[in-house]
Amino acid sequence: MYIHRHDVPEAVAVWLFDRPTVEEWELHFEHLRELATWSDRTGKRACAMILNHHFERPDAVRRAELAKCTEAPGYDPFVAFVAPNAAMRAVLTMFTWVQKTPKYELDFVATSRDGVTWLEEKRGARLEKLREFLTEIRVDFRRVSGARP
């Protein structure tokens with residue numbers, strides 16, 4: 001499952017992943033390519049939040065496509081990756097130590113609230129649309145899965 005919300009004029013995005021399909025990964029790659037244009041189009045550095053309900057490492061083909069999308073010219077968002085599990089956050093953080101330094105800023109946080117706080121600090125403004133999107137995505141996720149993100 002891949003639930004997403006974007007607002008280009010506000011340059012904010014929220015993505016929820018729960019065992020995404022191949023087609024959903026392809027849609028996410030389209031979203032990443034589009035996001036790479038937002039800074040130039042809006043004059044605002046994008047703020048994105050990733051919510052992983054069930055973390056599954058993408059296969060090699062998708063990891064390569066992720067790298068290609070996130071290394072593209074213009075891809076420079078602030079990204080809050082919500083990982084409630086402290087051990088997972090530690091592992092993900094360690095991966096960033098050995099990878100090529102990205103052009104975007106990434107932080108691993110325990111809750112979406114922490115993510116909102118971090119993104120608002122980075123943007124220097126309150127992100128009302130991001131907050132709205134989080135509420136909408138939670139409602140959609142519960143409706144579709146019956147679970148809580």
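Within the set of pairs 6+ apart or on separate chains, which have a first residue in segment 60-71 that is closer than 14 Å to Glu24 by Cα and hydrophobic (A, V, I, L, M, F, W, C), a second that is open to solvent by less than 40 Å² (accessible area, probe 1.4 Å) and part of a helix (DSSP H, G or I), and C-beta atoms under 8 Å apart?
Going by the 8 Å Cβ cut-off, the qualifying pairs are Leu66/Phe29; Leu66/Leu32.
Tally the residues that are acidic (Asp, Glu) and closer than 14 Å to Ile3 by Cβ, restricting the search to segment 24-39.
1
The values are calculated or read from the model by the stated rules, or taken from the named source; none is laboratory data. Since the model is a prediction, treat every value here as computed from it, not as a measurement. Cβ: placed from backbone, ideal geometry, glycine included. Neighbour counts: every protein chain shown. Ligands, DNA and RNA are excluded from the accessible area calculation, which covers all protein heavy atoms including side chains. Shrake-Rupley method; radii C 1.70, N 1.55, O 1.52, S 1.80 Å.
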